[in-house]
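Asker: Sending over a structure as structure tokens; questions will come in a sec.
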Amino acid sequence: PMEFVMDNVVGTANLLDYARLNLKSLKKFIYFSTDEVFGPAPKGVFFKEDDRYASGNPYSASKAGGEELCVAFANTYKMPIIVTHTMNVFGERQHPEKFIPKVIRGLLTNKEITIHADKKKKISGSRFYIHAKDVAEAVLFLLHKGNKGEKYNLVGAKEIHNLELAKKIAKILKKDLKYKLVDYHTSRPGHDLRYALSGRKMKTMGWEPKSIDQRLKEVVNWTVQNKQWL
């Protein structure tokens, strides 16, 4: 936990203080927070930008700490700070420990894939996956239209269960999916079954992400042609 605190709290404080003292012409300071600061989302709940924190693990608590420092610096020093909450980001060249490249590798090597599920091992976890290109486009959008001191959710186009996502990848690769559902919290303490954010604010402003199906196909096909990234 202390590694998270040093990186996300102390590190953020150092960056904020450096910007305050040395960047007199600072136009925007964007802090990437996470959907995890709100904790697990019950079915049907989609957290809005200013909902209350309920961190489920030390990592998310440290991100919430960094986020609060950004709010404090914006209030105290009138710095042009914007906070974003991003959900599960994926894309080409993603670290092979992450779920999508792990599924691709498992399918290509005919290995069984572990998928986090509820305690009864019946329902897999769900997320709003978003491609890195969509995150980049959202940031460019906010550089022009974002208001300092505000928070914005960068959310994928639709909620998708991890098992459904793995099946989509298997269909693209034309492979049979071998998988095992495991109790998410026992295998990884503090890991939440469902995260969910509302993307209404960004949509109202005029920004929406691309379809995950098209993005996923692009990533799978690219990875097959660049297997060294696995």
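Asker: Within the set of pairs 6+ apart or on separate chains, which have a first residue in region 90-102 that is touching a residue at least 60 places away in the same chain (Cβ under 8 Å), a second that is assigned to a loop (DSSP other than H, G, I, E, B) and open to solvent by less than 40 Å² (accessible area, probe 1.4 Å), and C-beta atoms under 6 Å apart?
Answerer: Pairs found: Phe90/Tyr129.
Asker: In region 128-158, which residues are open to solvent by less than 30 Å² (accessible area, probe 1.4 Å) and of a type in the set (S, T, N, Q)?
Answerer: Result: Asn153, single match.
Asker: Which residues, taken from region 199-230, are open to solvent by less than 100 Å² (accessible area, probe 1.4 Å) and among the acidic types (Asp, Glu)?
Answerer: Asp213, Glu218
Matching residues to (1) part of a helix (DSSP H, G or I); (2) out of contact with any helix residue (DSSP H, G or I) (no Cβ under 7 Å at 6 or more places or on another chain); (3) polar (S, T, N, Q); (4) in contact (Cβ under 8 Å) with a residue 60 or more places away in the chain:
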| site | (1), (2), (3), (4) |
| --- | --- |
| Leu16 | yes, no, no, yes |
| Lys24 | no, yes, no, no |
| Tyr31 | no, no, no, no |
| Gly44 | no, yes, no, no |
| Ser55 | no, no, yes, no |
| Glu68 | yes, yes, no, no |
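Asker: Also, I was wondering about something else. In region 8-19, how many residues are touching a Ser or Thr at 6+ places or on another chain (Cβ under 9 Å) and surrounded by fewer than 16 Cβ atoms within 10 Å (Cβ to Cβ)?
Answerer: Number satisfying all stated conditions: 0.
Asker: Of the numbered conditions (1) of a type in the set (S, T, N, Q); (2) buried (at least 21 other Cβ atoms within 10 Å of the Cβ); (3) at pLDDT 95 or above, Ser124 satisfies every one except a single condition; which is it?
Answerer: (3) is the only condition that Ser124 fails.
Asker: Taking the options Lys158, Lys167, Lys148, name whichever one is in contact (Cβ under 8 Å) with a residue 60 or more places away in the chain and not aromatic (Phe, Trp, Tyr). Give the steps one after another, and end with the answer.
Answerer: Working: Lys158 fails: in contact (Cβ under 8 Å) with a residue 60 or more places away in the chain; Lys167 fails: in contact (Cβ under 8 Å) with a residue 60 or more places away in the chain.
Answer to the check: Lys148.
Asker: Can you say whether Ser60 is assigned to a helix (DSSP H, G or I), buried (at least 17 other Cβ atoms within 10 Å of the Cβ) and either touching a residue at least 24 places away in the same chain (Cβ under 8 Å) or in contact with a Gly (Cβ under 9 Å, 6 or more places away or on another chain) (or both), as far as the supplied structure shows?
Answerer: On the way: assigned to a helix (DSSP H, G or I): yes; buried (at least 17 other Cβ atoms within 10 Å of the Cβ): yes; either touching a residue at least 24 places away in the same chain (Cβ under 8 Å) or in contact with a Gly (Cβ under 9 Å, 6 or more places away or on another chain) (or both): yes.
Taking the combined requirement at face value, the residue satisfies it.
Asker: Further question: Would a scan of region 80-88 turn up a residue that is buried (at least 20 other Cβ atoms within 10 Å of the Cβ), in contact with a Cys (Cβ under 7 Å, 6 or more places away or on another chain), modelled with pLDDT of 95 or more and farther than 25 Å from His161 by Cα?
Answerer: Checked region 80-88: at least one residue is buried (at least 20 other Cβ atoms within 10 Å of the Cβ), in contact with a Cys (Cβ under 7 Å, 6 or more places away or on another chain), modelled with pLDDT of 95 or more and farther than 25 Å from His161 by Cα.
The values are calculated or read from the model by the stated rules, or taken from the named source; none is laboratory data. Quantities reported herein were computed from a predicted structural model and do not represent experimental measurements. In this analysis, Cβ positions are derived from the backbone assuming ideal geometry, glycine residues included, and neighbour counts consider all displayed protein chains. Remember, those area values only see protein heavy atoms, side chains included, never the ligands or the DNA or RNA. Shrake-Rupley method; radii C 1.70, N 1.55, O 1.52, S 1.80 Å.
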